[in-house]
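K.L.:
There's a structure below that I have some questions on.
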Amino acid sequence: MEKKKFDPASQIQRLEHFGEFGGVNPSITDSSTFTFMSAQTMLDTFHGEVEGCFLYSRHWNPSNKYLSDAVAAMEGTEGAWVTGSGMGAITTVLLQLCNAGDHIVTSITCYGGTYAFLKNYLPKFNIDVTFVNISDLESVEAAIRPNTKLIYTESVTNPLLQVSDIPKLGEIAKRNNTRLVVDNTFTPMILSPYLLGADIVVYSMTKFINGKNDAVAGAICASNDFIASISDVNDGTAMLLGPVLDPMRSSSILKNLHTLHIRMKQHSNNAMYLANRFKEIGLKFNYPGMPEHADFDLFNSIRNEEFGYGGMIAIDMETPERAAKLMEKLQEKGVGYHAVSLGYFKTLFSNSGKSTSSEVPESVQLDMGMSPGLVRFSVGLDNDIESTFQLIRSCLVELSLI
Ligand SMILES: Cc1ncc(COP(=O)(O)O)c(C=O)c1O
């Protein structure tokens with residue numbers, strides 16, 4: 001019997017949201033503003049003193065509330081707030097927690113857009129950032145200063161698939177009176193960072209959570225106090241910078257969220273299948289579900305087992321030229337699409353160094369151990385994964401890459 005740590009899928013399943021006329025899906029509230037019968041209630045709502053009243057959709061909207069409640073249930077947090085993109089979630093959290101003169105300790109391996117924000121954008125506000133190897137816990141703690149407001153990491157990093165030791169990072173954050181912020185985009189349901197010790201969890205819902213590549217969206221999961229602080233009309237970063245999600249999209253993402261558990265299992269099963277077959281043919285690759293992976297034991301000790309090890313595999317083609325040849329051939333043969341992003345029902349692949357990590361200077365890519373020929377695979381929901389493997393193998397053979 002597998003040990004069950006937390007069951008995010010049942011948390012979502014238990015939610016019941018009726019539509020206005022009893023629809024099984026909640027009605028979409030297609031309104032930017034809301035009426036009040038009394039001037040006093042409007043004023044009290046502005047001051048955040050009235051539960052269940054909606055003011056203006058940049059602040060809160062019923063459709064966004066339904067999705068936020070579901071994402072919070074999945075994470076085990078008190079609350080959540082949904083954003084117009086994953087970057088909207090990340091930047092809102094960082095700007096809310098930091099003032100000019102503050103400091104952040106971050107994993108050097110992270111999504112290229114996050115890296116660029118930390119490296120190139122935050123200096124505008126005199127916010128200092130120290131980049132560390134997040135697996136080296138001593139260097140994480142050593143980097144903390146009196147003005148450090150947060151430690152930032154991705155639970156499984158993009159694209160190196162390094163697993164963050166969230167419980168230990170959470171302890172370091174607490175001991176040093178700072179916060180741990182975790183981007184769980186690669187591993188929804190598989191990892192529950194808040195329950196493992198993170199203070200705030202962020203998502204690009206563009207990826208696995210939505211799973212359809214028809215929307216860009218994000219989420220912030222945290223305590224009610226933090227959610228109230230970001231949506232405060234006077235000084236809340238979400239309220240004042242306005243990265244809100246459109247309610248139409250909230251509604252469609254909520255429906256997709258209800259199938260996330262099935263999709264995560266299939267993504268993970270397919271990735272594990274391919275990883276085992278890649279091993280047999282001697283391909284150089286990285287998958288955190290393989291015993292050879294440096295963080296295999298750690299991952300096993302923190303994951304919600306039934307959802308597997310995730311759908312992301314990094315294949316090392318050594319050079320960008322070999323990576324390009326392979327990706328073009330894979331697309332030609334119908335394995336999937338040569339495209340950025342992940343968590344789609346079809347397999348997607350891209351050369352990280354030349355795409356989603358191109359914001360990271362090449363010298364830094366090499367320092368962090370990212371091969372210039374790394375092909376990041378987001379494995380799809382293929383029903384016949386053996387035939388997918390056979391197609392991949394035939395591409396590799398045809399191009400004399402194995
Ligand atoms: C791990 C991770 N976090 C955040 C983002 C940014 O999300 P979005 O594109 O929805 O803004 C991405 C996008 O690729 C990502 O891979």
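K.L.:
What residue among LEU94, LEU43, LEU137 has the largest mean-square fluctuation in a Gaussian network model of the chain, using Cα springs under 10 Å?
P.N.:
LEU43
K.L.:
Oh, and also: Per DSSP H run of at least 4 residues, take -39500 (n - 2.57); add these up for the chain, divide by its residues and hand me the 222 nm value, nearest 500 deg cm²/dmol. It would help to have the intermediate numbers written out before the result.
P.N.:
Values: 16 runs with 150 residues, N = 402.
Taking each H run of at least 4 residues, the total per residue is -10500 deg cm²/dmol.
K.L.:
Then there's this: Of LYS212/LYS333; LYS65/LYS168; LYS174/LYS284, which sit over 27 Å apart, Cα to Cα?
P.N.:
Too far apart for the 27 Å limit: LYS65/LYS168; LYS174/LYS284.
K.L.:
Mean-square fluctuation check for the chain, GNM, Cα pairs under 10 Å: which of SER341, SER27, SER38 is largest?
P.N.:
The residue with the greatest mean-square fluctuation here is SER38.
K.L.:
Tell me the Rg and the Dmax, in Å, that the Cα atoms of the chain produce.
P.N.:
21.3, 74
K.L.:
Here's something else I'd like to know. If I take every Cα pair under 8 Å that is 6 or more residues apart in the chain, average their sequence separation and divide by the length, what percent do I get for the relative contact order?
P.N.:
17 percent
K.L.:
Moving on to the next point. Which order do you get for HIS258, HIS267 if you rank them by accessible area with a 1.4 Å probe, largest at the top?
P.N.:
Final ranking, largest accessible area leading: HIS258, HIS267.
K.L.:
How many Å² of accessible area per residue for the chain, probe 1.4 Å?
P.N.:
Per residue, the chain has an accessible area of 42 Å².
K.L.:
Taking all protein chains in place and a 1.4 Å probe, what share, in percent, of the accessible surface of the chain do carbon and sulfur account for? Before the final figure, lay out each step's value.
P.N.:
Values: 8590 of 16830 Å².
Whole-percent figure for carbon plus sulfur exposure: 51.
K.L.:
For ASP30, ASP214, ASP199, ASP295, what's the largest-to-smallest order of accessible area, 1.4 Å probe?
P.N.:
So, going from the largest accessible area down, we get ASP30, ASP214, ASP199, ASP295.
K.L.:
Which lysines have a Cα less than 27 Å from the Cα of LYS124, not counting those fewer than 8 places away in the same chain?
P.N.:
LYS149, LYS354
K.L.:
Give the long-range amide H neighbours of TRP60: residues separated by 5 or more places, or on another chain, with amide H under 5 Å away, using H modelled in the peptide plane at 1.01 Å from N.
P.N.:
It is LEU55, by chain and number.
K.L.:
What is the Cα centroid distance between segment 256-315 and segment 321-357, reported in whole angstrom?
P.N.:
So the two Cα centres are separated by 18 Å.
The values are calculated or read from the model by the stated rules, or taken from the named source; none is laboratory data. Everything numeric in this text was worked out from a predicted model, so none of it was measured. Keep in mind that these areas ignore ligands, DNA and RNA; they rest on the heavy atoms of the full protein, side chains included. Shrake-Rupley method; radii C 1.70, N 1.55, O 1.52, S 1.80 Å.
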